[in-house]
Each structure stands twice: as C-alpha cells, then as structure tokens.
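In what follows, a single structure is set out as structure tokens and then discussed.
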Amino acid sequence: MARSFHEITNKPVRTIASASIAPTKYTDILTIEVVPNFDTDPTFIETMREVAKGYKDAKVPVILMGMGDWYTDLISKHLEELSETFVCPYIDKTLEKKLVNKQDFYEICETYDLPYPKTKIMTKELVEKGEEANPFSYPIALKPANSVSWNDFTSPIKEKVYIIDNEADYTRVVKGIYSEGYEDNMILQEFVEGGESPMRVLNVYVDKNHQVKMMCLGHPLLEDPTPLGIGNYLAIMPAYDQVIYDKVKFFLEDIKYTGFANFDLKYDIKDNTFKFFEINLRQGRSSFFVTLNGLNLAEWVVRDYIYDDLKDSEPIYANIPEDKGMLWLNVSTDVFEKYVPETKEKDVARNMIQDKRFGYTFYYEGDKSLRRYILLQRMFRYYRKVFKKYK
C-alpha cells in the first residue's frame, strides 16, 4: 500500500508498527516508527491519540489504513474516535464482528447464496468432552474461526491452515491446539481438491456510499509452502468471472460495506462451483497485483475521500486481456518455473515473463538502494530453500 500511495504522491508514507519486518527495511517510500505492542490495546489507541494531536490542524484529510487483521480490528473498535481526525475507510465494530469470524461469515453466506465448503465448528468444550469426531473424508482442512485471536496464539503447533490426512494427525492437532491454551473456535472443513490452479483471489473497493467501485479477480499460481505461510500467494495473474463479481457486489452493497474487501475462493470439481473460504476486511497481502495491472489501490481511497469523485462513476470489473495483463511475483522466475504445475495458465504466465510483463511489489524504480537489493536477493534465496524443503 505504501508503494501504491507513493506512485501517486511521490512522497513517503508514515508507518507505525509493532515490529519491523524485512520488506520494510532500507526503503525510501515509507518512514517506519516501531512501537512495541502497537498491535494491541491500550498501546494502539494511546499512541493514535498522540498521533492525532499532530494532525489536529491538517490542511488536507489524513488517511488511516490498517495492514493486518489486528489493525483493522482496532480501527473498527475505535472508529468513532479515530474518525474525528482521520479518514478511516472501514466498517463499524458491529458489522466487523459478523464478518471477521468465519463461523458467522458462513451463516451470512447462506443468506446470500455464496457457496462455501461443508463445515463443522470445533470448540474447546467439544474437545474436552471427547466429541471432536471428524464427519468428513480425509484429507480435511482445519483453521481458526477468528484470525485476530489466532494471531495472539503462540505455540510450536501453530500453523496458518492445517491440511490433515488421517485420524491420528487430526486428533493430535485438535487436542494439541487446545491443550496449548487456545480458547477460541476452530473451523473444520471438507477439503476442496486441487492445488493452486483452482484458486481465485478477489479484491474489491466499496466507496463511502456503500457502492462497489472496483473489482479485480486474480488467479494464484503459487503459494507459500511453509506451515505459517500456507495461503499466502507468491504468483498471481489477472482473471475474470462476472458471476463472481455480480454475487459479491450484491452481497457487499446489501450489507452496507465500506472500504477494501478481499476474498479467497476455490473451484470445487464435485459440484462445479467456486467455494468462498473467507472475507478479509482489508486489501490482501498480495493485492499489489491489482496496482500492477493498472488499478492503483491507493487511488480509490483518495478519489473517494479526498476528491469525492466516485459517487457518479460506474464500477470497474477488471477484465484484462491475456496479452495485456501483468504477472505479479514474490519469488524469482526460476522458482516459478520449477514449482508451478504445468497448466495452460502457466503457459500464459510464461509468455508474460518472456514479454517482461511481470513485476514485484518490492522491486520499484522509486525505491532503489544497494542494501535493499541485497536484502531482496536474500528473500529469493530463502524461498529457494523453503521450496526445496517442503516441495
């Protein structure tokens, strides 16, 4: 997001975080202030009250955006107070609670005809009573119902999503999670077959009047193979599906949504439908593929809240031709070639690479330095090692 803003302002973005991570090191496009425990209250709101004082007499609106589920949760929690100083393109806490919890989200999916995998809710009480039996055939998927509470859970057993192949592993994982002190619910789901090829990722912007203004669908071709990184995309090409666009547009406008939304979907060959896994109440971590394909993410917020010129505009449903699209990568091209399965989509992506129609979030003409270049080369070497280990 910092790069998306920098591309339209040519100015660094002020960033506050609980810790510094590799992608934000040695960069000129953001200024980072590390505040320990900033991702939790009361540190978050106390810090933001001090930050707000500095913008009390700002001549232009100041946009506040969260880059993780825990930050969007905190912004929604304090939305009324923060909105006195900042532009906050987020929903209030009441709606946020209904959507951020996968259990509640799937109930809403029933109302809006958004298909999702067959699901069972696992609770600590069920496990303690010995009633945690799996009703589905293996393999199965197990994941937290609430990503915010899962973020606070620290244990060697923790993974982003568990793909479980047998009864012994299922019992070990479920009982292990709760014996390690986790309190919240888990989602047990029938596994939707296939690797990355059936996956889709959708990024949407909904304006302050609750009208969808931009929809961009992506086709992931490669995912992070590590236990804590499963589901994080490493290669995405543009895709198009008007049926998905229409369903999601109706859903978001009907619930009076505001801001960015991000959906993960997967095509299920058993009933020939795309199944919805979750909604993220923000742009996705790999959503720079949208900016790369000509729909700058930051521009939508600026047009909406600074210039107020979206209210009469028609929504854009991205439908980018194969010979015009850009491939977004987060790994080197040799890793892409070696580990992406052979499909017709891979052939299209190969052509994009050959035509130099590909790009990275972190390689940016406006943000060059030797130290940063070396850092990113280390990132590429890291992924070569982890793919060799897990694949």
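Side notes on the structure shown:
- Residue list for region 16-40, filter: part of a loop (DSSP other than H, G, I, E, B), of a type outside the set (Ser, Thr, Tyr) and more than 30 Å from ASP308 (Cβ to Cβ): ALA19, ILE21, LYS25, ASP28, VAL35, PRO36, ASN37, PHE38, ASP39
- Residue satisfying all of: in region 26-39; exposed (fewer than 14 other Cβ atoms within 10 Å of the Cβ) and without any contact (Cβ under 8 Å) to a residue 60 or more places away in the chain; farthest from GLU365 (Cα to Cα) among these: ASN37
- Any hit, region 75-85, residues being within 21 Å of ILE255 (Cβ to Cβ), in contact (Cβ under 8 Å) with a residue 40 or more places away in the chain, surrounded by 14 or more Cβ atoms within 10 Å (Cβ to Cβ) and not small (Gly, Ala, Ser): no
- Region 1-40, subset hydroxyl-bearing (Ser, Thr, Tyr) and within 22 Å of the chain's Cα centre (by Cα), residue farthest from PHE380 (Cα to Cα): THR40
- Any hit, region 162-175, residues being in contact (Cβ under 8 Å) with a residue 24 or more places away in the chain, in a strand (DSSP E or B) and more than 18 Å from PRO227 (Cβ to Cβ): no
- Exactly one residue among VAL212, VAL206 is crowded, with 24+ Cβ neighbours inside 10 Å, over 19 Å from LEU292 (Cβ atoms) and in contact with a strand residue (DSSP E or B) (Cβ under 7 Å, 6 or more places away or on another chain), and that residue is VAL206.
- Region 139-167, subset charged (D, E, K, R) and exposed (fewer than 15 other Cβ atoms within 10 Å of the Cβ), residue modelled with the lowest pLDDT: ASP152
- Restricted to region 41-57, and to residues there that are assigned to a loop (DSSP other than H, G, I, E, B) and touching a Ser or Thr at 6+ places or on another chain (Cβ under 8 Å), the residue that is farthest from LEU376 (Cα to Cα) is LYS56.
- Residue match in region 360-367 (condition: in contact (Cβ under 8 Å) with a residue 12 or more places away in the chain, part of a loop (DSSP other than H, G, I, E, B), under 22 Å from ALA2 (Cβ atoms) and touching a Leu at 6+ places or on another chain (Cβ under 7 Å)): yes
- In the set (1) of a type outside the set (Phe, Trp, Tyr); (2) touching a residue at least 40 places away in the same chain (Cβ under 8 Å); (3) touching a Pro at 6+ places or on another chain (Cβ under 9 Å), the condition left unmet by ALA19 is number (2).
The values are calculated or read from the model by the stated rules, or taken from the named source; none is laboratory data. Keep in mind that what you see is a predicted model, and the values were worked out from it rather than measured. Ideal geometry is used to build each Cβ from the backbone, glycine not excepted, and the neighbour counts take in all protein chains shown.
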